[in-house]
1. Could you tally the net charge around N162, taking each other residue with its Cβ under 11 Å from the Cβ of N162, Lys/Arg +1 and Asp/Glu -1?
2. Looking at segment 66-313 from every direction and averaging, what is the projected area of its Cα convex hull in nm²?
3. For segment 66-313, report the accessible area per residue in Å² (1.4 Å probe, heavy atoms, rounded to an integer).
4. If you roll a 1.4 Å probe over segment 66-313 with all protein chains in place, what percent of the accessible area is carbon or sulfur?
5. Can you pull out the trypsin sites (Lys or Arg not before Pro) in segment 195-257 that DSSP calls coil and that have at most 16 other Cβ atoms within 10 Å?
6. In a shell of Cβ-Cβ distance under 11 Å around K78, excluding K78 itself, what net charge do Lys and Arg (+1) and Asp and Glu (-1) give?
7. I want the local charge near Y101. Using Cβ-Cβ distances under 12 Å, sum +1 for each Lys or Arg and -1 for each Asp or Glu among the other residues.
8. For the pair A324 and D114, how long in nm is the line joining their label points, each one 7 Å along Cα→Cβ?
Amino acid sequence: EESSEVSSIHPPPLPRMVGGRFRMRGEIGSGSYSEVFMGEDDDSGERPRSLAQIFARRSMSIADESGKTFKEELRAGKPKMGLFLNSSSPTVAEQLSCAGYDWLLVDMQHGPMDTMMLSSMLCAIHSGGAKSMVRVAGAHDRGGIQQALDLGADGILVPYINTADEAKQAVSCCKYPTEGTRSVYFPQRSTNKKGLLGYVGNANANVIVALQVETHDCIKNIDAIAAVKGLDLLFLGQNDLCMSAGLFEKYEFPKMYTSPELDEMTGKLIEAAKKNAVVLGVFLFGTDRVKEFLEKGFPFISIGNDLHHVMTQADTHMEALDKAAASLEKPWKKRQLQA
């Protein structure tokens with residue numbers, strides 16, 4: 001008979017595999033061996049049947065089965081607002097998650113984060129309840145995709161997709177066989193809640209697979225890219241797309257963002273996504289055009305990044321300080337950066 005109490009002093013024993021089962025080895029208090037089939041669902045409200053299940057309930061777990069629901073809501077048109085994270089700060093990530101964003105994306109492409117920092121930031125995002133995404137280096141970044149998902153990321157954004165073959169490679173890295181080529185390993189954070197088989201058996205349905213549309217070649221091949229099996233979301237990156245199409249050379253900033261050329265390319269993306277039931281997303285700086293893109297059928301929207309949030313709020317405070325001190329004999333002025 002196992003003890004119903006778990007010591008708060010002694011750590012859980014190391015797990016080992018015995019006959020296809022997950023067994024806790026060693027004693028905890030007066031308890032002895034306990035075992036549970038990997039992936040067994042103990043969310044029915046019943047009393048845990050073993051110490052292993054108790055520890056599973058208490059473990060930090062990020063990846064869960066709500067990714068499928070998240071995607072279904074997006075496909076039904078429910079908006080999901082989020083933000084990119086570039087500050088390499090778990091503290092900032094946690095506070096923004098608690099602020100109420102639906103999702104937060106750790107930007108490993110442009111941010112200074114390493115894998116250990118990514119691990120901490122994913123935990124921080126989870127603590128506030130937001131979905132966690134990670135932008136990797138590209139379709140070639142199998143290691144980055146693997147690490148992010150093993151660490152419990154809910155989804156992956158793969159940038160710089162130009163062809164259907166690149167899209168297939170990216171999707172394959174995100175999916176376990178036989179749908180893809182993601183490697184299986186245990187134990188790790190992604191398997192904490194449901195066990196190895198419980199997580200792996202459901203991951204393909206729950207992981208959010210997004211590809212970034214940000215090159216002229218991507219638009220040329222968008223029909224074939226959008227038709228790739230396993231793709232959930234096409235994410236429009238207007239900055240790089242305008243650059244790739246030569247619009248920064250043709251237009252004075254910021255007129256390229258409302259140019260007929262960009263509008264035509266966006267229209268092709270929308271048409272391809274609708275045809276293949278793929279969700280549309282977009283990166284914006286600020287909220288001025290959110291309503292416009294919601295009406296165009298983009299429910300997955302980023303309104304910038306954490307550093308942009310800091311800078312815009314700082315500018316707002318600077319303007320207020322300038323006005324507050326304007327009537328003084330020696331008024332306060334914003335300090336200018338030295339060249």
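The values are calculated or read from the model by the stated rules, or taken from the named source; none is laboratory data. What you are looking at is a predicted structure, and each value in this text was computed from that prediction instead of being measured. Neighbour counts run over all protein chains shown; Cβ positions are idealised from the backbone, glycine included. For the accessible areas, the whole protein counts, side chains as well, though only heavy atoms, and no ligand, DNA or RNA atoms are used. Shrake-Rupley method; radii C 1.70, N 1.55, O 1.52, S 1.80 Å.
1. Value of the local net charge: -3.
2. 12.5
3. Details: 10680 Å² over 248 residues.
Heavy-atom accessible area per residue stands at 43 Å².
4. On segment 66-313, the fraction of accessible area on carbon and sulfur atoms equals 54 percent.
5. Loop-located and lightly packed - K229.
6. 0
7. -1
8. 4.0
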